[in-house]
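**Q** The structure follows.
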Amino acid sequence: MTTVRSLLPALTDLLLPSACGGCGAAADGWCPACADAFDGPVVARPVRAGPPVLAAGRYRGPLRRAVLGFKERGRRDLGPALARLLVPVVAEVLPPAPDGPVWLVGAPSRRSSARARGGDHVARLCRELAARLGAAGLDARASPVLALHGRVRDSVGLDPDQRAANLDGAVRVARSGLPDPGHAGHILLVDDVVTTGATLDVCCEALRRNGLSVHAAVVLCDATGRRSPYRTVPGRARPAHPGGP
């Protein structure tokens with residue numbers, strides 16, 4: 001059922017002018033000052049083993065404010081700007097000429113949280129990213145096949161072991177929309193913030209039980225606290241400005 005609360009993000013998009021996601025100044029996506037504050041792709045270091053995890057930046061400054069605005073404050077207009085930040089990250093984790101489609105599988109949100117936010121923000125990010133990658137000539141497909149059981153509680157304040165226990169067995173995989181295990185191409189998990197890696201870990205395991213292997217995870221923010229500077233793959237160009245197309 002459509003509610004007034006669920007319509008608020010869409011109304012916000014219509015009524016508010018474009019504003020920088022980092023500071024609120026008039027800008028389409030990022031103002032020059034906030035764009036210069038990005039530290040570029042970084043390698044995240046989750047507690048648990050799993051596929052490579054690359055982030056567009058660290059969980060601080062303009063990027064942190066933009067992600068919170070997009071996730072919690074109805075700033076749907078930031079979706080394209082945030083998706084642009086993930087394009088060079090995706091380029092780094094894929095081979096130069098990917099064999100088969102690239103499946104963007106978003107980490108699931110609790111249904112109650114998604115309703116309160118006016119929709120699943122990670123699923124929206126995947127759609128925006130697929131459109132950006134498609135415009136660059138890549139066969140990218142948003143595949144919202146993961147969902148959480150209702151019993152999962154909010155993970156804020158939980159330590160790594162508690163997060164893992166909270167999510168244990170809680171991720172469901174929808175058979176419709178899944179790639180054929182024999183012709184899967186490259187599966188990328190997509191999320192907004194990585195803290196301990198517990199969510200990414202259980203998502204990988206759920207897909208593995210369905211015969212699918214995750215190539216890498218790409219996230220907007222690294223909040224693990226175990227970071228190292230990202231080393232650009234030799235010969236792979238990266239955009240000089242995150243506000244570009």
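**Q** Rounded to the nearest whole Å², what accessible area per residue is found for the stretch 17-57 with the 1.4 Å probe? Before the final figure, lay out each step's value.
**A** Numbers: 1780 Å² over 41 residues.
For the stretch 17-57, the solvent-accessible area averages 43 Å² per residue.
**Q** Further question: Would you grab the residues whose amide H sits under 5 Å from the one on Ala142? Only those 5+ places off in sequence or on another chain, please, with H modelled 1.01 Å from N.
**A** Close amide H contacts, sequence-distant or interchain: Leu104.
The values are calculated or read from the model by the stated rules, or taken from the named source; none is laboratory data. Keep in mind the model is a prediction, meaning the values are calculated, not measured. The accessibility values were calculated without ligands, DNA or RNA, using every heavy atom of the protein model including side chains. Shrake-Rupley method; radii C 1.70, N 1.55, O 1.52, S 1.80 Å.
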